[in-house]
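Here the structure comes first, spelled out in structure tokens, and everything after it is commentary.
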There are 2 protein chains.
Amino acid sequence: MSKEIPYKIYLEESEMPAQWYNVRAHMKNKPAPILNPATLQPITVEELTPIFCEELAKQELDDTTPYIDIPEEIREFYKMYRPSPLVRAYCLEKSLGTPAKIYYKFEGNNTSGSHKLNSAIAQAYYAMKQGLKGVTTETGAGQWGTALSMACSYFGLDCQVYMVKVSYEQKPFRREVMRTYGAKITPSPSMETEIGRKINAEFPGTSGSLGCAISEAVEAATAQEGYRYVLGSVLSQVLLHQTIIGLETQTALKKYDIVPDMIIGCAGGGSNLGGLISPFAGEKLRGEADYQIIAVEPASCPSLTRGRYAYDFCDTGKVCPLAKMYTLGSGFIPSANHAGGLRYHGMSSIVSQLYDDGLIDAVSVEQTAVFEAAQQFARIEGILPAPESSHAIRVAIDEAMKCKETGEEKTIVFGLTGTGYFDMVAYQKFNDGQMTDYVPTDAELEESLAKLPKVD
Amino acid sequence: MSKEIPYKIYLEESEMPAQWYNVRAHMKNKPAPILNPATLQPITVEELTPIFCEELAKQELDDTTPYIDIPEEIREFYKMYRPSPLVRAYCLEKSLGTPAKIYYKFEGNNTSGSHKLNSAIAQAYYAMKQGLKGVTTETGAGQWGTALSMACSYFGLDCQVYMVKVSYEQKPFRREVMRTYGAKITPSPSMETEIGRKINAEFPGTSGSLGCAISEAVEAATAQEGYRYVLGSVLSQVLLHQTIIGLETQTALKKYDIVPDMIIGCAGGGSNLGGLISPFAGEKLRGEADYQIIAVEPASCPSLTRGRYAYDFCDTGKVCPLAKMYTLGSGFIPSANHAGGLRYHGMSSIVSQLYDDGLIDAVSVEQTAVFEAAQQFARIEGILPAPESSHAIRVAIDEAMKCKETGEEKTIVFGLTGTGYFDMVAYQKFNDGQMTDYVPTDAELEESLAKLPKVD
């Protein structure tokens, strides 16, 4: 007889993963190597270490070790806000009248408001172990910057965040959370870096972009003794740390003999999706199980569904290594009406390769439909979701409604990456009926993709 | 041998309380009866029911039934966001270097951001069971309004919130959360009620007050067929529902054989404090155990430490019943520099009587010291606390530091009522070094107390 399943499945501390899972080790087709932008040759650990912490550079290039120990100090920090609950969405199921069983892994119960903290604490830890003074990074909406501020504060590291100027001005509360954690927040482009001054001179009054903020953060890291640059998504090291999500999910499901049919995650740079699905994709790769895995991306930034699988720059400033990934071109910027995150032009090289190999499906959804799902979910399940997470909610609801039609009792698991408490400007637009959709035209994408670097 | 205590103690669903605890049943000195403002005689259920839901009116006046069943539908809702964790503050202890053991009961892991949802869902439930169309209420900072919006949305009730105009304008994000849950938010004073029009005519351009918003909400409830008025604190029914906090805490402590020496809670109207401490005060009243219980209030609104124990109006508009309580006078308004909640002029009549009987101690703290504790806690424990909750943190840290001096290994439990994500304006003031303190003078308090109603 199967056990009664509670609303929230919490693991015991003793059941928490002691290792991250590196899905690359089990991939027949490994992600293509990342390239040194100067030489266009596969980059080495030595070439990465002036920018990245040493241990993180090693993790970035390690595609053979399947399990990597989580250091004790990181595990202690995880215990402050993890394990995160795997929630049975009983109320949503009832409200939809679906025979489907819906679960979500909720990563929003921490002050950064999202899963970003899982990797931030790891990156800060390795920086601290290396004896660094601090780290630099960029932030757009602010979830990553908040997470990194918290992590650096915990380990006594200096944290310098270049925040896209428009966000700095429009999201003063995110900025204040970071300041409360002692981080130094600089609106980007600033006058503090060479690239910032150059951009300010070239485009007076510019409100900034993520690409510019990355370039400033990288320059600031290399210009200061004892600093390195850190990044919150896209990189394989970040996906590695985020596998704590999928591993906990797997353990929680097994504890109650639940076998999912379908795993759904939102996808921007791929860190949440990759973290959630890696252990399940691993089972598929090893032939132990089969699941439908669905990546959900915004129709306004559709790297998987409409991008090209090619080498591209990871940043707009073209100072970072090149990665082979599904990309819309490093110059692509989602239309101005796009609310929330998931606005990166490319996709994690791991997720890209899994998608190219047919292990993952991808769909895109428009933002009005996403906010409809967000509102519906908030009212029924009592959690106001982040716009990003709501992409996964949209598809989970759609799939549950298909089950209602067919009568199938599918088990659906999706990732609820975070809360929307700092996204109320977007919610207000939705509440006021002012939210609009935009899907880039083929011509727009062609124009952006035409500028992809030529790599043999 | 005692069990190893995890960072977070979660109860199983089966361990969750099935009844609320009504501490009045075990009090030798019952709280004095609340009085009908028209007759100054003890009010009856019949006199209360035009304003309050019937079942809630009964709970309000019931001082003999010790345990009251929590209806099944409320328990189901509780399971969506409860049990809340009892957290062992290992990191804080280590950082302070104290031999004290510190625990906090964290009520912030829900979208209302505080414990308010515990009573909101109960009040909405009874309104729904009575076949009402909706409820009206007031909100200041917005936590209660948010909680009630969520609860009404869940049960399909209309929710009308009169929001103090200055908050409506300065806290647009709280407003949008409520709107996302389908609530109708009206800035108060409005032109929709008689009292609102009167106040607007008398004080053109006024930014409103909680007292005025209460009066508008009461008028709106009585003016509409099928509506009742609900309140988020002070009332004995609210304390009853909030005992879910203390009961869960008690069960979690017993599960690990932990006996607290000290229980600390912040106190505004008394709902959180009363809910947390009632079961422990009950043990004291029944002679089964002894604990030091400390109510922490702001020095700028010191009802327990500097108020008078007397009959007073519960609202500034003097339309609600009178209660005997520690009060600063119903016309008392904390100075303009006071950030956050805990700004009510009086104190729950239950908490007042327990305090008068010496079962509870009270201290007041100044807000700069409170925000220092908030920042320290955020950085060490990873949760950005609400300003209100930070009053309890302040005293918990102070007590832990006393233990460091004396070497005592006291066990300290405090209530962490919520998160500060919508309070970043106050944090910004603190981060900028602009936060100030204000303690009302004796003359100010005398002036306010001189206006207390004459009740024999």
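The values are calculated or read from the model by the stated rules, or taken from the named source; none is laboratory data. Remember, it's a predicted structure, so these values are computed and weren't measured experimentally. Note that we place each Cβ from the backbone using ideal geometry, even for glycine, and neighbour counts take in every protein chain shown. These area figures cover heavy atoms from the full protein model, side chains too; ligands, DNA and RNA do not enter into them. Shrake-Rupley method; radii C 1.70, N 1.55, O 1.52, S 1.80 Å.
Numbers below:
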| read-out | value |
| --- | --- |
| Residues that are over 18 Å from B:ARG343 (Cβ atoms) and in contact with a strand residue (DSSP E or B) (Cβ under 8 Å, 6 or more places away or on another chain), drawn from region B:416-443 | B:LEU416, B:THR419 |
| Candidates B:ILE360, B:ILE333, filtered to the one that is within 17 Å of B:GLY269 (Cβ to Cβ) and modelled with pLDDT of 95 or more | B:ILE360 |
| Filtered residues of region B:34-59 (kept if in contact with a Pro (Cβ under 9 Å, 6 or more places away or on another chain) and closer than 21 Å to B:TRP20 by Cα) | none |
| Filtered residue count, region A:354-386, keeping only those that are in a loop (DSSP other than H, G, I, E, B) and either over 18 Å from the mean Cα position of the chain (by Cα) or within 11 Å of chain B (Cβ to nearest Cβ) (or both) | 7 |
| Residue check, A:ALA323 free of Cβ contacts under 8 Å to residues at least 60 places away in the same chain and either assigned to a loop (DSSP other than H, G, I, E, B) or small (Gly, Ala, Ser) (or both) | no |
| Hits in region A:399-448 (condition: of a type in the set (Val, Ile, Thr), open to solvent by 20 Å² or more (accessible area, probe 1.4 Å) and within 12 Å of chain B (Cβ to nearest Cβ)) | A:VAL425 |
| B:ALA151, sole failed condition from (1) at pLDDT 95 or above; (2) part of a helix (DSSP H, G or I); (3) open to solvent by 30 Å² or more (accessible area, probe 1.4 Å); (4) not polar (S, T, N, Q) | (3) |
| Filter result for B:LYS198 (surrounded by fewer than 22 Cβ atoms within 10 Å (Cβ to Cβ) and in contact with a Cys (Cβ under 9 Å, 6 or more places away or on another chain)) | no |
| Tally, over region A:411-434, of residues that are over 19 Å from A:ILE360 (Cβ atoms) and β-branched (Val, Ile, Thr) | 2 |
| Of all residues making up region A:288-320, the number that are open to solvent by 20 Å² or more (accessible area, probe 1.4 Å), in a loop (DSSP other than H, G, I, E, B) and of a type in the set (S, T, N, Q) | 1 |
| Test for B:LYS3: is it modelled with pLDDT of 95 or more and charged (D, E, K, R) | no |
